[in-house]
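The values are calculated or read from the model by the stated rules, or taken from the named source; none is laboratory data. Computed from a predicted structure; not experimentally measured. A quick note on method: Cβ atoms are made from the backbone with ideal geometry, for glycine too, and the neighbour counts reach across all protein chains shown. Side chains are part of the model used for accessible areas, which takes the heavy atoms of the whole protein and leaves out ligands, DNA and RNA. Shrake-Rupley method; radii C 1.70, N 1.55, O 1.52, S 1.80 Å.
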Amino acid sequence: MKDKDLLKLFLRNGWQEVGVKGSHHKVRKGDRVEIIPIHGTDVAPGLLNAILKRNGLK
């Protein structure tokens, strides 16, 4: 999955982008915060699965 598609997935599921520092986008939903790395490539499978599982999106 492309990194920008992952960010769009979070935004479609009610998360709000609250900040950008370099290539890392911070999104928030309630009291949960996740950092999405945007480097213009595919997200590594292990990192992708960890982010999705941690936030209940898989």
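Using a 1.4 angstrom probe, figure out how much accessible area the chain has per residue, in square angstrom, rounded to the nearest whole.
Numbers: 3890 Å² over 58 residues.
Heavy-atom SASA per residue in the chain reads 67 Å².
Give the dimensionless ratio obtained when the Cα radius of gyration of the chain is divided by 2.2 N^0.38 Å. Walk me through the numbers on the way to the answer.
On the way: Rg = 10.5 Å, N = 58, 2.2 N^0.38 = 10.3 Å.
In units of the globular-protein estimate, the chain measures up at 1.02.
Just from its helices, what would the mean residue ellipticity at 222 nm be for the chain, if runs of 4 or more DSSP H residues each count -39500 (n - 2.57) and the sum is divided by every residue, rounded to the nearest 500 deg cm²/dmol?
Details: 2 runs with 20 residues, N = 58.
Helix-only estimate at 222 nm: -10000 deg cm²/dmol.
Other residues within the sphere of radius under 10 Å centred on the Cβ of VAL27, judged by their own Cβ, net out at +2 (K and R +1, D and E -1).
Heavy-atom surface analysis with a 1.4 Å probe gives the chain a carbon and sulfur content of 53 percent of its accessible area.
Within a straight-line Cα-Cα reach of under 20 Å, LYS21 can be paired with the following lysines, leaving aside sequence neighbours fewer than 8 residues apart in one chain: LYS2, LYS4, LYS8, LYS29. Which one, ASN13, SER23, ILE35, projects farthest toward the positive side of the charge dipole computed for the chain from Cβ point charges (K/R +1, D/E -1)? With unit charges placed on the Cβ atoms, the residue in question is ASN13.
Ligands, DNA and RNA aside, ARG28 has an accessible area near 100 Å² when probed at 1.4 Å.
Residues of region 1-20 with amide nitrogen under 20 Å from the 7 Å Cα-to-Cβ point of ASP42? Only 1-10 fall inside the zone, counting backbone N under 20 Å.
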